[in-house]
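The values are calculated or read from the model by the stated rules, or taken from the named source; none is laboratory data. Fair warning: this is a prediction, and the values are worked out from it, not measured in the lab. All Cβ positions, even for glycine, are placed from backbone atoms using ideal geometry, and neighbour counts span all protein chains on display. Note: accessible area is taken over every heavy atom of the protein model, side chains too, but ligands, DNA and RNA are not part of it. Shrake-Rupley method; radii C 1.70, N 1.55, O 1.52, S 1.80 Å.
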There are 2 protein chains.
Amino acid sequence: MQAAFYQGNQTITIGTCRPIEPGPGEVQLKVSHVGICGTDLHIYHGMMDRRVTFPQIMGHEASGTVAALGEGVTGFAVGAPVTVMPLVPCRNCPACEAGHSHICHNLKFLGIDTPGAFQSYWTVPAYTLHHLPPTLSLEFGAMIEPLAVACHDVRIGQVQAGEYVVVLGGGPIGLLIALVSQHIGARVLVSEINPYRLNLARQLGLDAVDPRQTDLPAYVADQTAGAGADVVFEVTASPVGAEVMTQLPRTRGRIVVVGIFGQPPPVDLFRFFWRELRLFGARVYEHQDFTQAIQLAAAESIPFNQLITDIRPLDQLEASFKQMESGGEVMKILLKV
Amino acid sequence: MQAAFYQGNQTITIGTCRPIEPGPGEVQLKVSHVGICGTDLHIYHGMMDRRVTFPQIMGHEASGTVAALGEGVTGFAVGAPVTVMPLVPCRNCPACEAGHSHICHNLKFLGIDTPGAFQSYWTVPAYTLHHLPPTLSLEFGAMIEPLAVACHDVRIGQVQAGEYVVVLGGGPIGLLIALVSQHIGARVLVSEINPYRLNLARQLGLDAVDPRQTDLPAYVADQTAGAGADVVFEVTASPVGAEVMTQLPRTRGRIVVVGIFGQPPPVDLFRFFWRELRLFGARVYEHQDFTQAIQLAAAESIPFNQLITDIRPLDQLEASFKQMESGGEVMKILLKV
């Protein structure tokens, strides 16, 4: 069967490998569609070479159908459409014991710490699976994982109907956060510098501005009668994002840090004191976020078709990385495996 | 009557002035004791010269008795012992409208934006007053304001019995936070570099270490079976405090920023993401914090006598500032007005 291998040194090869038979408690999937995540691009850039094992099969935003069941697996029938919550916690660390197994101290992430979904058949623990509704296309099924990220972030941010929400960064996760917040009934502003993404945000019915052309604190103050935003999502992982995130919230307003910062940026802790701001880190998702994402998808509440830039064969992975790093006209690319 | 005047340029003069008659809704106090706050020292150092009006009468940690009542004031009898919550909100800004009048956008702070308590008679709005229990000495009554800060911080931090709490900085506010947390039933560690304060913390029954001699993250990990602290209070306002504060909490642990940072320090936002940490800014207090502080004081739950380094006449204000800035053997100094 076919697989895409990251060989290090910004090199992807397409090759063959043997399907892994599912062991006890495991399920083998026939992979259908897999989204390309910013984390995959990060790996391709060599930023996680110390964590991955060469050759690494990446990919964790997957849909597929059940191909084979390992010993003791119940609740899944061969042929059933599913998606994967790609987290393998240790069940034994203080985080797991405290009920935070999604951020387990020894977490294994499928597609980073183990082989991922950029292959024809993928064997995963059965507990990572979520059923997809039969009415949902498998293309859209590959969007559940990033949507679950957004559901988690919005839940951590406690977004309520009628609140004013600012999303800094209009990439796939940023726009999904904006759309989930909008669905809840919040007023949403997206801040983004890429013209293609700005335009797409507006096509999705979101208010969107370029912070290089619009004074963001003044704009938010104007939109909120001087109060400030109820919730700000920082999804840029940039020093300028870390700077502006504290300038926008109202007293006791919330900031959710979604972006993955490579270096500690300066953060205006005085502003946290002065306005009693609150900041919440948010990472991946919990099962309830997958459940919510699947419900939103089943109800057609999220316009996935507008977010999917293209669907391509597996051998277009490297070309897609090149397009993504160009910062051009791209939102979410899916690979048909 | 006598008053201490800040004249700018690190100069305090002791002079005389006329008592202000209480207007409608105001109360004139005969000031008894006033604590010297770090903020007063900050003003003395010229850091707030653009905010104060020369000559400035500082002081906001006051106890006294009611001397005269303005028109329409009810609920207070002449001679009654009281303390002051020194906040004057505008009642008209988005923060006030949202119920956060203690951090009003146009907040006036008595003793900074208006004349303070370092004078024999002090006229304040009646709504700032809280009755002191007749059994509480007026010396201890002057400790209610800083204790209310600590009650607010601990409430914002949601400290629970059995939790592990780290307080970075063992000055008056840090030790009061530690003592309130200990009273709730938390296990408390104080991190402090001043040997006098370290020793005092230990005399108060608190665990206390010098972070230059003890590896704080390793120590906290050891004390919590590898989990990390439930709550960390940052009370140093130092870059090193901002650095270590993210290294100590457990997954979903809480950080409360109490220290007033002059410059935005680098903050490890990756760690917020990775462990889903939460950060809460905390500023001054609300009426319920004063109520709780007075209850704790009435129940003799806080050993004020160990925290009060000395009680001195008003003309010792400048000498006390000099002692405080030396970083020597001083915790809380009260002035007998």
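Given the convex hull over the Cα atoms of region A:244-337, what projected area results after averaging over all orientations, in nm²?
9.2
Output, in nm with one decimal and in ascending order, the distances from the B:Pro134 label point to the matching label points of the other copies (7 Å from Cα along Cα-to-Cβ).
8.1
So which residue, out of A:Tyr121, A:Tyr44, A:Tyr196, gets the largest mean-square fluctuation from a GNM of chain A using Cα contacts under 10 Å as springs?
Of the options given, A:Tyr196 has the highest mean-square fluctuation.
Starting from the Cα of A:Thr135, step 7 Å toward the Cβ, then list every residue of region A:278-297 with an amide N under 20 Å from that point.
A:290-297
Could you give me the ³J(HN,Hα) list for region B:316-325, computed from phi with Karplus coefficients 6.51, -1.76, 1.60 and θ = phi - 60°, whole Hz, x at Gly and Pro?
Calculated HN-Hα couplings, in order: 9, 4, 5, 4, 5, 4, 4, 5, 5, 6 Hz.
Let's test the formula: R0 of 51 Å, r as the Cβ-Cβ distance of A:Asp222 and B:Cys17. What FRET efficiency results, to the nearest 0.05?
After rounding, the FRET efficiency stands at 0.70.
Please give every one of the aspartates and glutamates within straight-line cross-link reach of B:Lys30, meaning a C-alpha to C-alpha distance under 20 Å, and leave out same-chain neighbours fewer than 8 residues apart.
Straight-distance partners of B:Lys30: B:Glu21, B:Glu61, B:Glu71, B:Glu139, B:Glu145, B:Asp315.
Just read off the accessible area of B:Lys108 with the full protein assembly in place, 1.4 Å probe, to the nearest 10 Å².
Using a 1.4 Å probe on the heavy atoms, I get roughly 100 Å².
Mind listing which GluC sites (Glu not before Pro) in region B:258-331 are in a DSSP loop and have 12 or fewer other Cβ atoms within 10 Å?
Those satisfying the criteria are B:Glu300.
What accessible area per residue comes out for chain A, rounded to a whole number of Å², with a 1.4 Å probe?
Per residue, chain A has 38 Å² of solvent-accessible surface.
Go from 0 up to the bin containing the longest alpha carbon distance in region A:14-129, width 5 Å each, and give me the % of pairs per bin.
Once binned at 5 Å, the Cα pair distances of region A:14-129 give 2, 12, 20, 22, 20, 15, 7, 2, 0.
Roughly how many percent of the accessible protein surface of region B:22-71 is carbon and sulfur, given a 1.4 Å probe and a whole-percent answer?
Percent of accessible area from carbon and sulfur atoms in region B:22-71: 52.
Provide a list, ordered by number, of residues in region A:273-288 showing at least 40 Å² less accessible area with every protein chain present than when their chain is taken on its own, using a 1.4 Å probe.
A:Phe273, A:Trp274, A:Glu276, A:Arg278, A:Leu279, A:Phe280, A:Gly281, A:Arg283
Hey, got a sec? Which trypsin sites (Lys or Arg not before Pro) in region A:140-239 land in a DSSP loop and have at most 11 other Cβ atoms within 10 Å?
Passing both the DSSP loop test and the Cβ count: A:Arg212.
Mind listing the phi-derived Karplus ³J(HN,Hα) values for region A:49-55, rounded to whole Hz, using 6.51, -1.76 and 1.60 with θ = phi - 60°, and x for any glycine or proline?
These are the phi-based 3J(HN,Hα) values: 4, 7, 9, 8, 10, 7, x Hz.
Starting from the amide H of B:Ala208, placed 1.01 Å from N in the peptide plane, find each other amide H under 5 Å away whose residue is 5 or more places distant or on another chain.
B:Val190
Taking amide H positions as placed in the peptide plane 1.01 Å from N, state which residues far from A:Ile20 in sequence (5 or more) or on other chains have amide H under 5 Å from it.
A:Thr123
What Kirkwood hydrodynamic radius do you get for region B:150-281 when you take the inverse of the mean 1/r over all pairs of distinct Cα atoms, in Å?
The answer is 14.2 Å.
Over all alpha-carbon pairs of chain A, lay out the pair-distance distribution in 10 Å bins, whole %, shortest bin first.
6, 25, 34, 24, 9, 2, 0
What is the calculated FRET efficiency for A:Ala68 to B:Ala77, with r their C-beta to C-beta distance and R₀ = 60 Å, to the nearest 0.05? Can you show the working numbers first?
Numbers: r = 84 Å, r/R0 = 1.40.
Working from the Cβ atoms, E equals 0.10.
Could you work out, for the protein assembly as shown, what percent of all Cα-Cα pairs fall into each 10 Å distance bin, beginning at 0 Å and stopping at the bin that holds the largest distance?
Calculated P(r), rounded to whole percents: 3, 14, 22, 21, 16, 11, 7, 4, 1, 0.
Given a cut-off of under 8 Å on Cα pairs at least six residues apart, what relative contact order in percent is computed for chain A?
18
How high is the relative contact order of region B:150-281, in percent, with contacts defined as C-alpha pairs under 8 Å that are six or more residues apart?
About 22 percent, as a whole number.
Out of the total accessible area of region A:150-281 (probe 1.4 Å, heavy atoms of protein only), what percent is carbon and sulfur?
51
Show me you know the interface measure: the accessible area buried between B and A, both chains summed, probe 1.4 Å, in Å² to the nearest 100.
By this definition, chains B and A bury close to 3600 Å².
Using the Karplus curve 6.51 cos²θ - 1.76 cosθ + 1.60 with θ = phi - 60°, what ³J(HN,Hα) values do you get for each residue of region A:228-240, in whole Hz, with x for Gly and Pro?
For region A:228-240, the Karplus-derived couplings read x, 6, 6, 9, 10, 9, 9, 10, 9, 6, 10, x, 5 Hz, x marking Gly and Pro.
With each pseudo-label sitting 7 Å past Cα toward Cβ, what's the A:Asp207-B:Gln295 distance in nm, one decimal?
Going from the A:Asp207 label point to the B:Gln295 one covers 4.2 nm.
Please give me, ordered by residue number, the trypsin sites (Lys or Arg not before Pro) of region B:24-101 that lie in loop per DSSP and have at most 16 other Cβ atoms within 10 Å.
Values: sites: B:Lys30, B:Arg50, B:Arg51, B:Arg91; in loops: B:Arg50, B:Arg51, B:Arg91.
Counting only loop positions with at most 16 other Cβ atoms within 10 Å, the trypsin sites (Lys or Arg not before Pro) in region B:24-101 are B:Arg50, B:Arg51, B:Arg91.
Please list the non-local residues whose amide H lies under 5 Å from the amide H of B:Leu87, H modeled 1.01 Å from N, same-chain partners needing a gap of 5 or more.
B:Leu110
Build a GNM of chain B with springs between Cα atoms under 10 Å: which of B:Gly75, B:Gly46, B:Gly170 gets the top mean-square fluctuation?
For chain B, modelled as a Gaussian network with Cα springs under 10 Å, the answer is B:Gly75.
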